[in-house]
Amino acid sequence: MKLILIPAMVGSLAVLSACAGGITEKDVGCAGATVVGAVVGGALGNQLGGGTGKDILTAGGAVAGGAVANNAAGC
């Protein structure tokens, strides 16, 4: 459940921030890249650690994955 909830929140924030000044095609692409990066990063982080450390690595992976994908998409 946590693995789905964290990327969903990150994706919601990305989409809501894109809506602030009118949605462009680039905004949609940036939001999509951020969400995909967050999901992949969260999945990779979830494979490491155990207990509370696993939760922290999952969240950190989601944030880092979203940030890297957002940067790679040129947003």
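Residues in the stretch 37-58 that are buried (at least 20 other Cβ atoms within 10 Å of the Cβ) and small (Gly, Ala, Ser): Gly37, Ala38, Gly41, Gly42, Gly45. Gly74 satisfies every condition listed in (1) modelled with pLDDT under 70; (2) outside any helix (DSSP H, G or I); (3) open to solvent by less than 50 Å² (accessible area, probe 1.4 Å) except (1). Take Gly66 and tell me if it is buried (at least 18 other Cβ atoms within 10 Å of the Cβ) and assigned to a helix (DSSP H, G or I). So Gly66 fits the description; yes. Take Thr34 and decide whether it is surrounded by 14 or more Cβ atoms within 10 Å (Cβ to Cβ) and polar (S, T, N, Q). Yes.
Working only within the stretch 39-55, note down all residues that are touching a helix residue (DSSP H, G or I) at 6+ places or on another chain (Cβ under 8 Å) and of a type outside the set (Lys, Arg).
Keep residues of the stretch 39-55 that are touching a helix residue (DSSP H, G or I) at 6+ places or on another chain (Cβ under 8 Å), which gives 39-46, 48-49, 54-55.
Correct list: Val39, Val40, Gly41, Gly42, Ala43, Leu44, Gly45, Asn46, Leu48, Gly49, Asp55.
Within the stretch 23-45, residues that are farther than 14 Å from Ala72 by Cα sit with their Cβ atoms under 6 Å from residues that are open to solvent by 40 Å² or more (accessible area, probe 1.4 Å) and modelled with pLDDT under 90, at 6+ positions apart or across chains, in these pairs: Gly42/Leu3.
The values are calculated or read from the model by the stated rules, or taken from the named source; none is laboratory data. Note that the structure is predicted; figures quoted are calculated from it, not measured. Glycine gets a Cβ as well: all are built from the backbone with ideal geometry, and neighbour counts include every protein chain shown. Ligands, DNA and RNA are excluded from the accessible area calculation, which covers all protein heavy atoms including side chains. Shrake-Rupley method; radii C 1.70, N 1.55, O 1.52, S 1.80 Å.
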